[in-house]
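We did not get these values from a lab; they are worked out from the coordinates using the rules stated. Just so you know, these numbers come straight off a predicted model, no measurement behind them. In this analysis, Cβ positions are derived from the backbone assuming ideal geometry, glycine residues included, and neighbour counts consider all displayed protein chains.
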Amino acid sequence: MDLVRDLEALAEGARQSIAQAPDDRTLEELRVRYLGKKGEISAVLRGMGQLAAEERPRVGEVANRVRDEVDALLVRARQRIEDSRLEKELQGARIDVTLPGRRLLPRGHRHPVTRTTEEIVAIFSRLGYEVASGPEIELDWYNFEALNIPADHPARDMQDTFYVDESALGRVGGEGAVLLRTHTSPIQIRAMKRAGAPPVRVVAPGRVYRSDYDQTHTPMFHQVEGICVGPGITFADLKGTLAAFARAFFGAGTRTRVRPSYFPFVEPGAEVDVSCSICGGVGNRSGARCGTCKGTGWLEVLGSGMVHPKVLENVGFDPSAVTGFAFGMGVERMAMLKYGIGDLRLFYENDLRFLEQF
Amino acid sequence: MRISIAWLSAYVPLPPPAELARRLTDVGLEVEAVERVGASLDGVVAARILSSERHPNAEKLAVCQVEAGAGTVQVVCGATNWKVGDVVPLATPGTRMPAGHRIDRASLRGVDSHGMLCSAKELGLDDDASGLLLLPADAVPGTPLAQVLGIEDVVLEVNVTPNRPDALSHLGIAREVAAATGAEVSYPEAGLRQEAPAASTALRVTVEAPDRCFRYAARVIEGVRIGPSPAWLARRLEACGVRAISNVVDATNFVLLERGQPLHAFDLDKVAGAEIVVRMARAGEKMTTLDGVVRTLSPDDLVIADRERASALAGVMGGGDSEISAGTSRVLLESAWFEPTGVRRTARRHGLHTEASHRFERGVDPEGVVAALDRCAAMIATLSGGTVRRGAVDAHPHRRKPVEVTLPWTRPGEILGMPVSRKEARAALQSLGFELTSTGPRNGTFRVPSWRLDVTREEDLIEEIVRLRGYDAIPETLPVIVSDTPAPSLEAVVTERVRQALEGAGFSEAVNFSFVAPGDLTPLGAGSGAGIPLKNPISADLAVMRGSLVPSLLKVLAYNRRQRVEEVRIYEIASTYHPRAADATDDTPAREELRLAGVASGRRHPVGWSAGGDPLDFHDVKGALEPLLETLGIEGVRWVPGGASWLHPRSAATLSWPGGGAEPVVLGVVGEVHPRVAAAFDLPRGVFAFDLSFAALAAAARPVRGHADVPRFPAVLRDLAVVVANEVEARAVLEGVRAEPLVEEVTLFDVYRGAPIPEGRKNLAMAIRYRAGDRTLTDSEADAAHARIVARLQADLGADLRG
Ligand SMILES: [Zn+2]
């Protein structure tokens, strides 16, 4: 019976020492002392050999109970110590949350012209338009003739044209002058020719060139051109499409106004105005005249019209069977209006302090 | 075109100016500005001089009491051409004078002066500075001067598009106003009085070039006295921006602005042989135009000649020899119809753009030629006291048939997308002067008015109908079209991924002009593309369509450095321009190659509190391009030492993609910009650049890839450090490791040169992960694989194992 008493005494000692253990290291020492191969419980059990056979199960039972108890005490004690350590940390010193975040490489920025082009194109993509492109060094036929702007026509004055030194092109002459496209409209000709038959619905962004350089013009700028040709396309469709575009680009409340204008490749031609995105179309801001729309409440943003029958004929379409509309806009102007950029030159200086704002 | 409302109101009843401007804009004649004439005289009123006395302190000044509407005021005056009772202009305090200064209440030598009495010159009215401008005695004191002088007017700046030459005159605008408002145009009477003998006895006209001059009509006015025009006429012209010159010339300009028909007056006594020959110029023929320039003519120039020589560039500008002068007494007045494209060619050839050429090249009313001639002849007679000889000399080789256009009644509705009744269509067209000549259940045929040369087909009629009816009436609908939903193109997908990869690597996008200075391309040396020169560049700096994107980007880098922006990473995606290949078959005149280029300089990471400060190098740029290749799914790219002549020969690489073909595909080059090239762009060392072919990237891209299963069995990790000669490329060592089939991945985590590694050698430390796909690898299998790798590196690369 001594052994049972010894075990009970041992358990009592373990309870006290484990409860008082201050840290993990002490706990580990206590584990070795009580539960180790050479520990105190093992030592007690080694004395079992001298016991009578009928006493052994009872002593063994007590020994197991004590071992389990000590084991459980150790687990709880470890948890207690861990908890108190965590509690201490949670109450301890703060980090400096005001130190700047670690940014090894700030993200680059997309040019506002690209950004705006992408926004415009995305809207028309959602309406089912395909994206088309074409050469910037272009033949006179595609840039002018096919678009109902014959040679010696005053409409050519509307666009001051850059011509290319053809001797550098290594091509034989006689195919008409080579120029820098003055608008993205030649892409619509190429797209219709490529398609071969209606319907054709494309949107064509790109660089265009005109010989003009001052406060409000750069010799290179960007346009997005669109065309929708098929049976039964009407002027009402043109109005609806561009009104939908204006709302998607400038915001849901944007109003549009369409008035007659002239572009040789459309008829009837139309200028599309949108309600001023800066003053909301009222013409003034906090009492002062709105400089963006010059107080009119309207901004000219789009040229458009029904595709001229001569243009359809030029690409082999039958104007009595198909109709269509075309539209075009200047990307820089759209970007200026959308982002409130006041100076056109900013687009081409490529000053990172400007670019990084987009 | 400037349209005077005072003038316009003589032909048609007008709504108020703002309303008129809106109505004109609504019918397609955009009013760009509304300007009040006489505004420069605001603050100046008529004042009657009631009394005057000598200035007490200045002998040459008078102190006047004047009545100026609101009472009597005192003004000090220095002029002497007046007497008490005269009415003169008074600039009241606050008036801004045309010269720019402001009139204020002032004390002149101790006497108060409440304004200033003005001369005509001081008011900017004419050059007369001899004394006060004396106004009519019945002018009511206090009345604004502009009203007293009758020069109150509003001028509309109308943007007339090239298709509407008929609107380049006051009568033309009046027609549009009448159509828009339902009013009637009252055409002015010519009031021509003719006297014998007949003009044909004094003048002969021959048209030798009938395909360039469809009609040439002339009248002769004799006994004219050249002098200044009356004030009303000068005012009309000046409101439209035309300077008054003399009664005869002013009459021609008046009729031009009234009817859009250019006219020309010759001094008949200077027309040799009293004969007009309308002919093509002879090669090398010379003439002096009114602007004093001696011009060498082309055989494509149409001239108005007399028996001896050319005396006018037809439809463009008259000649100095036959100009109206102070002594002119016999006038030959010309009114003609010249073929538009010919006039345009001549005007452009000689760099001229005149009121006449502007209208002729757009097309004047062929039926208005003689009416304008008669109107102008009558005016000249009235203004100059001359007499008009009986009859016009009218050479009319090319008679024009009226144009008729048939309109299917349903067509306007089909095009516009709204119902347009037959009645509406007819009413709109008739109000614009179109005449219904025949009508049926399906179609109506309209005779186009002679001034509407732009109308030739049914679509033109529909435009007339809708612009008059107003675009607001058209509903908004969306097109119904059967077509596929387009998938984004490979180019669009590649572009977006490239942009995102570069933006993730800190590169911002630049957009540069496509043209550069020729010298910008030279530092890059041959092979980078000389570009395509322009014939008419806007400046020498923008003269060549660039053959490479790199120079523009280097300039942007230099620009930003000058702005003290040190950390620069920029890229551009744009076309480069090259002569087309000899065997090209498409119909594009040049070869345009889309490229992707970038430049970088500055620190690897921005300086922060925890890291940063080192300058970036080749491997930073490589580290930007590797994820780009990964996101495009381009695998197996080899980084071959050596790039391009504009790159540092020892610090550059060519990206070579094995592809599927016989030859590897060159994707582009990357490296440090050659120090001499950098210097040419005012850049220091340490500028890195890449220049890749977008088409090659797109061709190599596999943006949608398959996937491999996630490994099911554990890996074994081993580190390996080997020492190899400096010249041994890391690629060779890594490929040697990867040649072992059990290697799943190898990461090079250190490159070390220096003690204790022998001179000329380097230590490469790698972490290798071994794994078998079908079983758990044992340690001994991994050890064996490791040993095979060591043996291979020793044998192939002379590597030493470092323990
Ligand atoms: Zn506004």
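A few comments on the model shown:
- Translational diffusion of region B:39-148, µm² s⁻¹ [Kirkwood Rh, Cα pairs; Stokes-Einstein; 20 °C; 1.002 mPa s]: 157
- Here the simple spin-label model places points 7 Å from the Cα toward Cβ, and for B:GLU275 and B:ARG788 these points are separated by 10.9 nm.
- With the charge dipole of chain A set up from +1 on Lys and Arg Cβ and -1 on Asp and Glu Cβ about the Cα centre, the Cα lying farthest toward the positive end among the listed residues A:THR182, A:ILE149, A:PRO57 is that of A:PRO57.
- Each Lys and Arg contributes +1 and each Asp and Glu -1, all at the Cβ; summed about the Cα centre of region B:194-395, the dipole is approximately 200 debye.
- Relative to the current alpha-carbon distance between B:THR439 and B:GLU491, full extension at 0.36 nm per residue lengthens the span by 13.2 nm.
- Taking 0.36 nm per residue of separation and subtracting the current Cα-Cα distance, fully stretching the chain between B:ILE245 and B:ALA99 would add 50.2 nm.
- From largest to smallest, the equivalent ellipsoid semi-axes obtained for region B:696-738 from the alpha-carbon gyration tensor read 30, 24, 5 Å.
- Label point at B:GLU59 placed 7 Å out along Cα→Cβ; residues across region B:97-113 whose backbone nitrogen lies under 18 Å: B:109
- Fraction in percent of alpha-carbon pairs per bin - 20 Å, the protein assembly as shown: 9, 26, 27, 18, 10, 6, 3, 1, 0
- A DSSP coil position with no more than 13 other Cβ atoms inside 10 Å describes the following GluC sites (Glu not before Pro) in region B:610-699: B:GLU635.
- Taking trypsin sites (Lys or Arg not before Pro) across region B:568-651, none is in a DSSP loop with at most 12 further Cβ atoms lying within 10 angstrom of its Cβ.
- The label-point distance for B:ASP126 and A:GLU12, in a model that sets each label 7 Å from Cα toward Cβ, rounds to 13.7 nm.
- Theoretical FRET efficiency, 1/(1+(r/R0)^6), r = Cβ-Cβ of A:LEU90 and B:VAL751, R0 35 Å, to 0.05: 0.20
- Expected-Rg normalisation [2.2 N^0.38 Å, Cα atoms] applied to region B:239-291: 1.44
- Cut-off 19 Å (backbone N to label point 7 Å along Cα→Cβ of B:THR206), residues of region B:387-416: B:393-398
- Anchor B:LYS622: lysines whose Cα lies under 26 Å away (excluding residues fewer than 8 positions away in-chain): B:LYS555, B:LYS762
- A:SER167 paired with B:VAL140, simple spin-label distance in nm, labels 7 Å along Cα-to-beta-carbon: 7.5
- Pairwise FRET efficiency - B:SER421 versus B:LEU478, Cβ, R0 = 35 Å, nearest 0.05: 0.90
- Region B:513-543 and region B:734-803 have Cα centres lying 51 Å from one another.
- Dipole axis of region B:39-148 (+1 Lys, Arg; -1 Asp, Glu on Cβ), positive-most option in B:PRO93, B:LEU145, B:LEU108: B:LEU108
- Legend note: in chain A, cysteines whose Cβ sits 4.7 Å or more from every other cysteine Cβ are A:CYS228.
- Cα-based Rg of region B:164-210 normalised by 2.2 N^0.38 Å, two decimals: 1.89
- Region B:26-66: trypsin sites (Lys or Arg not before Pro) falling in loop per DSSP and having at most 10 other Cβ within 10 Å: B:LYS60
- For region A:1-16, the residues whose backbone nitrogen is under 16 Å from a point 7 Å from the Cα of A:MET48, taken along Cα to Cβ, are A:1-8.
- B:ARG22/B:ASP42 FRET efficiency (R0 30 Å; Cβ-Cβ; nearest 0.05): 0.75
- For the protein assembly as shown, size of Cβ-based charge dipole, Lys and Arg +1, Asp and Glu -1, in debye: 520
- Taking the Cα centre of region A:2-90 as origin and assigning +1 to Lys and Arg Cβ atoms and -1 to Asp and Glu Cβ atoms, the resulting dipole is close to 200 debye.
- Length-normalised contact order for chain B - Cα pairs under 8 Å, 6+ apart - percent: 8
- MRE, 222 nm, helices only [DSSP H, n ≥ 4, -39500 (n - 2.57), over chain B, to nearest 500]: -7500 deg cm²/dmol
- Given charges at Cβ of Lys, Arg, Asp, Glu: the protein assembly as shown dipole, positive-most of B:ALA198, A:ILE341, B:TYR770: A:ILE341
- Fluctuation leader among A:LEU45, A:LEU179, A:LEU105 - chain A, Gaussian network, Cα springs under 10 angstrom: A:LEU45
- Inter-centroid distance (Cα atoms) of region A:204-246 relative to region B:692-710, Å: 33
- Based on C-alpha pairs under 8 angstrom that are at least 6 apart in sequence, region B:649-717 has a relative contact order of 24 percent.
- For chain B, the longest principal axis of the Cα atoms and the long axis of helix B:618-632 meet at an angle of about 80 degrees.
- Sorting B:545-554, A:79-88, B:299-308 by average packing, meaning the other beta carbons within 10 Å per residue, from highest down gives B:545-554, B:299-308, A:79-88.
- Other residues within the sphere of radius under 11 Å centred on the Cβ of B:GLU35, judged by their own Cβ, net out at -1 (K and R +1, D and E -1).
- GNM flexibility winner over chain A from A:ASP212, A:ASP157, A:ASP24 (Cα, springs under 10 Å): A:ASP24
- Residue order, fewest to most surrounding Cβ atoms within 10 angstrom, among B:HIS353, B:HIS101: B:HIS101, B:HIS353
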